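The values are calculated or read from the model by the stated rules, or taken from the named source; none is laboratory data. As the structure is a prediction and not an experimental result, all values here were calculated from the model. With ideal geometry, Cβ positions are generated from the backbone for all residues, glycine too; neighbour counts draw on all protein chains shown. Accessible surface is based on the protein model in full, side chains and every heavy atom, while ligands, DNA and RNA are left aside. Shrake-Rupley method; radii C 1.70, N 1.55, O 1.52, S 1.80 Å.
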Amino acid sequence: MSFFGFLNKKTPSGTVAKNRLELVLIQDRMNTSPEMLEMLKSDILKVLSNYVDIDEDDLAIDINSNEGPALVANIPIKAWKKR
């Protein structure tokens with residue numbers, strides 16, 4: 001394997017399936033629909049866009065369940081808006 005070989009690796013389909021199953025189980029435990037999560041993401045982006053320009057191409061908002069349900073967001077900021 002080359003030095004930069006790790007950059008070209010794709011996530012194995014089993015890992016992707018496991019992550020999707022975890023999300024479904026979390027949604028079920030929280031009694032939350034996928035539509036509700038999309039509305040939550042949309043509302044978060046609306047509020048943040050009042051203050052910053054967001055790079056929506058690299059945006060990632062997920063639910064994590066390490067110690068209970070947690071909303072985890074990686075929201076790249078292009079620039080702060082002037083007020």
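In the structure shown, do any of K18/K82; K41/K81; K41/K82; K10/K41 have a Cα-Cα gap over 31 Å, and if so which? K18/K82, as the Cα separations exceed 31 Å there. Give, as a single signed number, the net charge of other residues whose beta carbon lies under 10 Å from the beta carbon of N50, with Lys and Arg counted +1 and Asp and Glu -1. Within the 10 Å Cβ shell, the charges total +3.
Summarise the accessible area of the stretch 33-83 (1.4 Å probe, protein heavy atoms) by the percent that is carbon and sulfur.
Details: 2090 of 4070 Å².
About 51 percent, which is the carbon plus sulfur part of the accessible surface.
In order along the stretch 70-79, the Karplus-derived 3J(HN,Hα) couplings, from 6.51 cos²θ - 1.76 cosθ + 1.60 at θ = phi - 60°, round to 9, 8, 10, 10, 10, 10, x, 9, 7, 6 Hz, and Gly and Pro are given as x. What would the Debye formula give as log10 I(q)/I(0) at q = 0.17, 0.18, 0.21, 0.22 Å⁻¹ for the alpha-carbon point model of the stretch 37-83, no solvent? Each listed q corresponds, in turn, to -0.53, -0.59, -0.74, -0.79.
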